[in-house]
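Shown next, in structure tokens, is the structure this report addresses.
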Ligand SMILES: O=C(O)CCC(=O)C(=O)O
């Protein structure tokens with residue numbers, strides 16, 4: 001097959017609604033005899049399971065001071081956010097951050113707002129420019145609305161960090177402490193595949209608790225829990241149909257200075 005195959009396998013990365021299935025599998029599906037491949041079947045079944053688990057908004061949870069709002073965003077708002085993020089990623093492409101120790105992180109990231117979060121040999125910091133040059137795009141209005149509704153209408157965040165978790169990506173336990181004023185919470189929005197959030201303590205070490213975050217869940221990390229260690233152990237790749245290529249997007253909105 002030549003040219004761009006509209007029924008290709010979802011490739012890695014932020015496909016944001018691009019057509020997602022491979023043509024031989026679609027042929028098999030509609031009965032022309034080709035053999036479906038295992039990856040495609042796994043994705044179809046995982047998405048079906050995700051659909052069956054679809055829930056309405058649940059009561060708020062509290063996890064070591066993190067305020068978790070399960071199902072805060074309905075499907076239409078999630079899809080609208082993904083559209084806005086597609087426009088951000090077109091102007092400020094996802095990149096693979098390197099740790100100060102020179103190791104590639106498994107998530108890919110970009111940012112929107114006055115500042116973006118970057119890392120490299122000089123450490124972790126906020127920067128007014130994308131590593132490829134140029135300013136970061138504006139934070140999409142749908143994201144700002146969630147911040148204004150749940151955090152404050154008095155001041156908007158300076159940075160919306162966008163993390164994309166492909167298959168196998170994770171994020172180690174860490175504190176968000178590169179901001180000047182910890183009285184402002186960090187607002188986290190989950191889109192796409194389920195992600196296993198691990199929450200520790202305000203100092204390194206000690207026991208941890210875990211909670212699966214689903215698409216549309218929102219977490220407010222503030223107050224006494226503002227500096228609580230947290231991370232994402234793994235995702236259930238293909239568990240959501242929001243991103244046709246699979247994967248998870250997490251947005252964290254931060255007041256920086
Ligand atoms: O992906 C998540 O749910 C958490 C992301 C996070 O901890 C961060 O960006 O600092």
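Overview of results
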{"read-out": "Residues of the range 171-204 classified as loosely packed, with under 15 Cβ neighbours inside 10 Å and more than 9 Å from the ligand (Cβ to nearest atom), total", "value": "8"}
{"read-out": "Any hit, the range 95-109, residues being within 15 Å of the ligand (Cβ to nearest atom), surrounded by fewer than 18 Cβ atoms within 10 Å (Cβ to Cβ) and in contact (Cβ under 8 Å) with a residue 60 or more places away in the chain", "value": "yes"}
{"read-out": "Filtered residues of the range 209-221 (kept if over 17 Å from residue 173 (Cα atoms) and out of contact with any helix residue (DSSP H, G or I) (no Cβ under 7 Å at 6 or more places or on another chain))", "value": "214, 217"}
{"read-out": "Qualifying residue in the range 193-208 (condition: over 18 Å from residue 77 (Cα atoms) and touching a helix residue (DSSP H, G or I) at 6+ places or on another chain (Cβ under 7 Å))", "value": "no"}
{"read-out": "Any chance residue 242 is touching a helix residue (DSSP H, G or I) at 6+ places or on another chain (Cβ under 6 Å) and away from the ligand (no atom under 12 Å from the Cβ)", "value": "yes"}
{"read-out": "Residue selected from the range 154-164 under the condition under 13 Å from residue 111 (Cβ atoms) and not in a strand (DSSP E or B), by the criterion farthest from the ligand (Cβ to nearest atom)", "value": "158"}
{"read-out": "Selection from the range 117-140 of residues that are crowded, with 18+ Cβ neighbours inside 10 Å and either more than 16 Å from the ligand (Cβ to nearest atom) or under 24 Å from residue 167 (Cα atoms) (or both)", "value": "117, 118, 130, 137, 140"}
{"read-out": "Residue among 151, 255, 209, 220 that alone is away from the ligand (no atom under 12 Å from the Cβ) and either free of Cβ contacts under 8 Å to residues at least 60 places away in the same chain or out of contact with any strand residue (DSSP E or B) (no Cβ under 7 Å at 6 or more places or on another chain) (or both)", "value": "255"}
{"read-out": "Condition met for residue 167 (at pLDDT 95 or above and either within 14 Å of the ligand (Cβ to nearest atom) or part of a strand (DSSP E or B) (or both))", "value": "no"}
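The values are calculated or read from the model by the stated rules, or taken from the named source; none is laboratory data. As the structure is a prediction and not an experimental result, all values here were calculated from the model. Neighbour counts run over all protein chains shown; Cβ positions are idealised from the backbone, glycine included.
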